[in-house]
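Heads up: the structure comes next, in structure tokens.
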Amino acid sequence: MNELAQLTHGALNCVRFGNVKAGEHVLILAEPGADDAVIEAISIAAKGAGGVVSVLVKEPTPIGVPLAPPVAAAIQAADLVYDLGFPTVHSEAGFLAAFDHGTRNLIVRPEAGVLASEAARFPLEIFFLLGKRTQARIRKQPSVHVVDDKGTDFHIEAVPGAVGPYIGPLPYEPGPAVPGYIGTFPPGTTVWGDLNYSANGTLVLDAAFSFEAPGESIVWKVKDGWIVEIDGGREAAAIREAIHGRPNANRFAECGFGLNPKVSLAPGTAQSVAARVSTVLSWTRRAGTFFVGMGGNTLMGGRDASTVVPIYGVLKRPTVAAGAEVLIDAGRLTMLDMPDDELVSLSNKAGGKEWLEPMNR
Amino acid sequence: MARAYEQITMQIRAQAFFNLLNESDAGTHVAAYPIDLQLTSANEAVLVSLRNGRLTAVTEAAESAPIGYWKLELQGDRDVFDAIFDGAWTLGEAMYRGRLFAPEEKAKHNLVSALGQTIRLLQKEHRRALLPD
């Protein structure tokens, strides 16, 4: 089978996830070195759905630097952006595209191997059901406690209305992409902001920012919604440098957990910093992980604006409890370990119960 | 920033701004959502009811009214709302700057985005209304 054929199923799922409709303008936003096969596979799938496809190759935009005006104009004019580079959605132009122009924006892992993987073929109906259930759990039991065997001990009180994302046509419910939709592909997560400054504790991160395997664990100390210490080796120093002197860059912006059991935790193969950032970001989509984001929180509906896009960190084997209910047990999403009839039925329709089983790490 | 509108209530300003929904197609993006939009500033709270992309009522909001399924609250200083009514800021610009706050943004992003598009189109309609014949 040639490479493009191997990407077809994932690309079709990607286009379906974006809810591409006939006549819509689809923008594939790439950076130098992007995999041509990924661009071509998504283009073909989008055109097959009736979309009008444009491809724009831009230079990576450094943290805190506005997007170039032609890029900003393009993402605001598009109905849907597949963003293969450093995420634009957290920039001002990306924010305005979603909130004022209704642009749907999906951050896509740029490597062909990911688009060919089971993670990219993961049935969207199962993802939406997992999202609906986990969001409801957090809203009902908003006191969340996270621990792991490396020393993480973290607590946050979620505000029910600040729990999302991937909201479809109905409030509070993940569903098919509607105007303004923001997400990643492969999907996805349940996420919430810290609107009430309740985040406190210690987070011992397995990976953060562009550092897939830091020489020393990166440790964030969180106090009343702010990251007040970042400890560790040279990687921690690089993160401190990235946020130095930038207002609200140390705000505890968001946290959540992955829902897709097929996302691999293998290191990325792309070499650019942007691609390494997207690798760590994609790990946050893995069912059983817990993630945190530091930076401005206006995308979460908060008041603390920052030019720093969120710097993400991930815990690979956490235990996460909402109230007394354990949602993640040592890196395993419990509702996948004990699927009920509805989940089993959905997975059988999609080809088998294997969809609920985590792939090897 | 916006001119001083202390003598004009936010209810009157909201009524004047959203009224153009009934004379244009600017409400297309909210047509699917029966939104009760609450605009809350330090001293005023206004409820703007949108149905089928049209404005049906602008009333004073009850202080203790619960957050309903289709209710969307935006909180900000009065001058932020005036900047939006004046066309100086879009909803996105005010939110990006942390000046406009939607407590349920993440769970109702669909409604926030639909409203943002509607406000942008309404601002365009208001600018057009000022053009000479």
Go through the stretch A:169-180 and report how many residues are in contact (Cβ under 8 Å) with a residue 40 or more places away in the chain and under 16 Å from B:V30 (Cβ atoms).
3
Considering only strands (runs of 3 or more DSSP E) wholly within the stretch A:99-165, the ones with at least 1 residues that are assigned by TED's automatic domain parsing to the domain that holds A:F252 and either hydroxyl-bearing (S, T, Y) or within 13 Å of A:C255 (Cβ to Cβ) (or both) are A:143-147, A:153-157
Looking at (1) touching a strand residue (DSSP E or B) at 6+ places or on another chain (Cβ under 6 Å); (2) more than 11 Å from every other protein chain (Cβ to nearest Cβ); (3) closer than 20 Å to A:P358 by Cα, which is the only condition A:F209 fails?
(3)
Looking only at the stretch B:87-107, count how many residues are crowded, with 21+ Cβ neighbours inside 10 Å, in contact with a Gly (Cβ under 9 Å, 6 or more places away or on another chain) and hydrophobic (A, V, I, L, M, F, W, C).
6
Restricting to the stretch A:98-114, name every residue that is out of contact with any strand residue (DSSP E or B) (no Cβ under 7 Å at 6 or more places or on another chain) and either at pLDDT 95 or above or within 14 Å of chain B (Cβ to nearest Cβ) (or both).
A:F99, A:D100, A:H101, A:G102
Applying the selection to the stretch A:158-188, what residues are more than 8 Å from chain B (Cβ to nearest Cβ) and out of contact with any strand residue (DSSP E or B) (no Cβ under 8 Å at 6 or more places or on another chain)?
A:P176
crowded, with 21+ Cβ neighbours inside 10 Å, within 19 Å of B:L21 (Cα to Cα) and at the interface with another protein chain (Cβ under 10 Å from one of its Cβ atoms): is that true of B:I119 in this structure?
yes
For the stretch B:87-107: of the residues being at the interface with chain A (Cβ under 7 Å from one of its Cβ atoms), part of a helix (DSSP H, G or I) and under 15 Å from the mean Cα position of the chain (by Cα), which is farthest from A:S306 (Cα to Cα)?
B:L91
Within the stretch A:1-31, the residues that are assigned to a loop (DSSP other than H, G, I, E, B) and either under 22 Å from the mean Cα position of the chain (by Cα) or closer than 18 Å to A:G102 by Cβ (or both) are A:N19, A:V20, A:K21, A:A22, A:G23, A:E24, A:E31
Against the condition within 25 Å of A:G102 (Cα to Cα), at pLDDT 95 or above, touching a helix residue (DSSP H, G or I) at 6+ places or on another chain (Cβ under 9 Å) and not β-branched (V, I, T), how does B:F101 come out, does it pass?
no
Within the stretch A:60-68, does at least one residue satisfy the condition of being in contact with an Asp or Glu (Cβ under 9 Å, 6 or more places away or on another chain) and crowded, with 24+ Cβ neighbours inside 10 Å?
no
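The values are calculated or read from the model by the stated rules, or taken from the named source; none is laboratory data. Keep in mind the model is a prediction, meaning the values are calculated, not measured. Virtual Cβ from ideal backbone geometry, glycine too; neighbours counted across all protein chains shown.
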